[in-house]
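Here the structure comes first, spelled out in structure tokens, and everything after it is commentary.
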Amino acid sequence: MGDAVAPGAHGAPSGLWSATQAAAASRDFAELHAAHGGLLWVEFDPQQARCGLFFQRDGVRRELTPPAFSVRSRVYEYGGGACCATPDGAAFVNETDQQLYLVGCAVRTETACAVNGAHGAPYGPDVDDAPRALTARPHCRYGDLHYVAAWQALLAVEESHEPAGVIHRLVRIGLDGARRVLVEGADFYAGPQASSDGAQLAWIEWDRPQQPWTATRLCRRRGDGAEQVLAGAGADQSLQQPRFAADGRLWVLSDGEGWWQPLCLDAGPAVHGAPYDHAPAPWQLGGCTYLPLAGGGLLLSRFEQGFGVLIEQGAAGGERRLAGEFSRFRGLAADATHFYCIAGSPTRLPAVLAIERQTGAVQLLAGGEQPLPAAAISRPQAFDYETGAGERAHGFFHAAQGGEALPPLLIFLHGGPTSACYPVFDPRIPFWTQRGFAVADLNYRGSSGYGRAYRQRLQGEWGRIEVEDIQAAAAHLAAQGLVDATRVFVRGASAGGYSALCALACASGLRGGASLYGVSDPLALRRATHKFEADYLDWLIGDPERDAARYRERTPLLQAARIRVPVIFFQGGLDAVVVPAQTESMVAALRRNGLAVEYRLYPDERHGFRQAAHLAEVLERELAFYVELLR
């Protein structure tokens with residue numbers, strides 16, 4: 001195996017991709033905005049465990065937020081849409097207090113420059129601007145920010161924690177801090193957009209018990225007139241990302257035809273786009289995976305057999321593929337000369353791209369490093385496999401790098417569970433493949449990116465159907481002669497941790513597993529969870545009273561006696577979603593049964609570890625745990 005560590009050995013010879021390197025490579029980007037003749041974005045730094053706001057123009061980049069600030073919304077707990085451009089600079093949500101702030105772009109124009117990519121006079125240096133608070137409502141959180149030039153105000157989703165409960169509204173907030181409620185009454189809101197003249201307001205709304213990926217409504221209001229439901233009334237249809245084109249026409253992504261596809265509401269019922277999902281499940285606000293373009297046409301991102309592609313669609317329907325080296329696209333933006341996006345690649349770290357509109361030439365503005373030689377990366381190979389009853393599931397296989405003909409297999413399970421994994425460079429995976437493990441990153445039935453029917457397949461089946469898919473994936477890869485069926489491990493975080501524990505209890509042939517802040521007691525989660533997911537367990541498993549037997553069968557804590565192999569647990573001490581007591585009860589139950597269990601608590605982590613030192617330690621301890629089991 002050369003200098004790789006064979007399973008059963010321990011250590012990290014020089015030249016291997018280390019846990020520290022993997023943790024440091026978890027930098028990411030979000031929320032691009034073409035404005036002030038440059039580009040604005042949010043950047044996560046794992047070393048600082050914070051998100052900074054950056055602005056770049058003419059090759060000069062600068063962070064706008066002081067170290068005491070971190071740009072992150074917590075609306076619906078998962079946030080999104082935490083910044084936008086304004087004529088005075090940028091508005092953003094501060095993570096600590098969830099209030100809105102305004103900061104200058106650290107550059108100035110000699111004449112006024114319009115937002116949305118119009119170019120003004122040359123920029124010169126400016127003095128550092130301290131962020132100025134726009135709101136002082138400590139019981140409120142904000143997200144999905146948009147600046148409406150015609151109003152000279154921000155449009156936002158407001159989450160208000162009141163004695164009567166958590167209330168969501170759409171609000172207008174002036175740059176002087178003046179607040180006005182625009183829409184209220186529904187349980188949830190997303191995607192507020194105003195037309196360029198400010199005469200039309202569109203948004204997505206939904207009510208409990210629905211989730212934004214099951215059934216939502218697209219609404220529009222003209223002026224101060226009555227609200228009109230344009231789509232989604234009385235139908236099982238999920239709509240997301242409303243957009244006004246420059247000509248005032250309203251677009252939206254609709255899965256009414258089975259896939260999230262662009263639909264123009266002001267041009268008849270025709271759906272423009274191929275039969276693929278053009279967005280993932282909207283767990284976060286502020287997503288942008290398509291754009292209507294001035295003069296007609298669209299900029300589109302979509303998933304084809306799990307791989308992301310970026311397409312410019314002409315007004316007449318012709319398509320041009322862009323940035324073909326990359327395999328996931330999000331955060332789309334545009335100005336007169338360039339398209340911009342956040343892109344992922346099988347061999348690169350996440351990147352901010354500028355794509356010249358005329359030639360298609362690609363420029364890396366930030367990120368996009370190639371941390372390893374191509375030969376040291378096990379590229380994702382899409383595979384699908386039969387799970388029974390004629391159904392098929394999907395995943396990406398990463399071959400082990402070493403001399404063993406039949407290496408051990410580590411199965412990765414994404415969270416959500418209505419989320420997805422992608423064929424991009426995941427810094428954790430070479431850590432495993434270079435040490436002789438094959439990795440299967442599964443998009444089990446219920447994952448997004450494969451159409452509505454595939455996504456809805458999880459309804460009432462969580463804790464069962466993905467366990468079938470885990471077992472079927474291991475059997476499929478073993479039958480192909482790619483892995484050793486007697487050395488299979490499973491790991492997951494949050495909802496993925498729950499599925500890993502269910503698999504360890506119910507599936508045969510697993511050697512061990514890992515749960516990172518995973519759910520072990522769904523009913524305890526249901527009692528404590530936040531408003532956004534308050535009804536999600538009922539959709540995923542069933543009614544707690546009517547389907548009590550189903551809950552007992554799919555509660556790892558109650559099925560602990562069926563787990564016969566060792567498990568390692570990682571838990572954040574500040575986790576308010578899966579509280580430490582839930583994980584500690586599961587650990588205690590397994591230990592009472594005499595099982596080898598390891599438990600690691602990180603007192604200052606929440607639900608989803610963010611600190612680089614902890615991310616590295618998790619990898620090292622998980623490896624040592626599996627290596628011991630393979631001796």
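Assorted remarks:
- Within the stretch 88-114, considering residues that are at pLDDT below 95, assigned to a loop (DSSP other than H, G, I, E, B) and in contact with a strand residue (DSSP E or B) (Cβ under 8 Å, 6 or more places away or on another chain), the one farthest from A133 (Cα to Cα): E110
- Criterion violated by D224 - all others in (1) in a loop (DSSP other than H, G, I, E, B); (2) modelled with pLDDT of 95 or more; (3) of a type outside the set (S, T, Y); (4) surrounded by fewer than 17 Cβ atoms within 10 Å (Cβ to Cβ) satisfied: (2)
- Residue match in the stretch 271-284 (condition: assigned to a loop (DSSP other than H, G, I, E, B), touching a Phe, Trp or Tyr at 6+ places or on another chain (Cβ under 7 Å) and farther than 30 Å from R457 by Cα): no
- Only one entry of R606, R610 meets the criterion of being among the basic types (K, R), buried (at least 16 other Cβ atoms within 10 Å of the Cβ), assigned by TED's automatic domain parsing to the domain that holds I411 and under 21 Å from the mean Cα position of the chain (by Cα), and that entry is R610.
- Some residue of the stretch 133-154 being of a type in the set (A, V, I, L, M, F, W, C), under 25 Å from D255 (Cα atoms) and at pLDDT 95 or above: yes
- Within the stretch 292-310, considering residues that are hydrophobic (A, V, I, L, M, F, W, C), closer than 19 Å to T359 by Cβ and surrounded by fewer than 20 Cβ atoms within 10 Å (Cβ to Cβ), the one modelled with the highest pLDDT: L293
- Residues of the stretch 194-211 that are surrounded by fewer than 24 Cβ atoms within 10 Å (Cβ to Cβ) and either among the aliphatic types (A, V, I, L, M) or closer than 28 Å to S447 by Cα (or both): A194, A199, A202, W206, D207, R208, P209, Q210, Q211.
- Screening the candidates L516, L523, L510, L540 for the property of being surrounded by fewer than 19 Cβ atoms within 10 Å (Cβ to Cβ), within 15 Å of P556 (Cβ to Cβ), of a type outside the set (S, T, N, Q) and in contact with a Phe, Trp or Tyr (Cβ under 9 Å, 6 or more places away or on another chain) yields one hit, L523.
- Qualifying residue in the stretch 265-283 (condition: touching a strand residue (DSSP E or B) at 6+ places or on another chain (Cβ under 8 Å), closer than 20 Å to L353 by Cβ and among the β-branched types (V, I, T)): no
- The listed residues are F532, F570, and the only one of them that is among the hydrophobic types (A, V, I, L, M, F, W, C), closer than 22 Å to F412 by Cβ and either in the same structural domain as S419 (by TED's automatic domain parsing) or in contact with a Pro (Cβ under 8 Å, 6 or more places away or on another chain) (or both) turns out to be F570.
- Yes/no for I377 being outside the structural domain of P346 (by TED's automatic domain parsing), more than 22 Å from the chain's Cα centre (by Cα), within 24 Å of I342 (Cα to Cα) and buried (at least 21 other Cβ atoms within 10 Å of the Cβ): yes
- Of all residues in the stretch 384-392, none are among the β-branched types (V, I, T) and assigned to a loop (DSSP other than H, G, I, E, B).
- Going through (1) of a type in the set (D, E); (2) in a loop (DSSP other than H, G, I, E, B); (3) surrounded by 15 or more Cβ atoms within 10 Å (Cβ to Cβ) one by one, E158 falls short only on (2).
- Taken over the stretch 381-400, the criterion of being closer than 21 Å to Y626 by Cβ and buried (at least 22 other Cβ atoms within 10 Å of the Cβ) is satisfied by G395, F396, F397, H398, A400.
- Qualifying residue in the stretch 370-389 (condition: of a type in the set (A, V, I, L, M, F, W, C) and touching a Lys or Arg at 6+ places or on another chain (Cβ under 9 Å)): no
- Considering residues of the stretch 45-63 that are closer than 30 Å to S160 by Cα and in contact (Cβ under 8 Å) with a residue 60 or more places away in the chain only, the residue surrounded by the fewest Cβ atoms within 10 Å (Cβ to Cβ): A49
- Of the residues making up the stretch 336-361, those that are surrounded by fewer than 19 Cβ atoms within 10 Å (Cβ to Cβ) and within 20 Å of G295 (Cβ to Cβ) are A336, T337, E356, R357, Q358, T359, G360.
- Filtered residues of the stretch 45-84 (kept if touching a Cys at 6+ places or on another chain (Cβ under 8 Å) and closer than 25 Å to Q240 by Cα): V71, R72, A82
- Selection of strands (runs of 3 or more DSSP E) fully inside the stretch 287-340 by the criterion of at least 3 residues being of a type in the set (D, E, K, R) returns 319-322.
- Residue in the stretch 248-266 that is assigned to a loop (DSSP other than H, G, I, E, B), free of Cβ contacts under 8 Å to residues at least 24 places away in the same chain and farther than 26 Å from G79 by Cβ present: yes
- The lone exception for P371 - which of (1) outside any strand (DSSP E or B); (2) modelled with pLDDT of 95 or more it fails: (2)
The values are calculated or read from the model by the stated rules, or taken from the named source; none is laboratory data. In this text the structure is predicted, and so the values were computed from the model without any measurement. Positions of Cβ are backbone-derived with ideal geometry, glycine not excepted, and every protein chain shown enters the neighbour counts.
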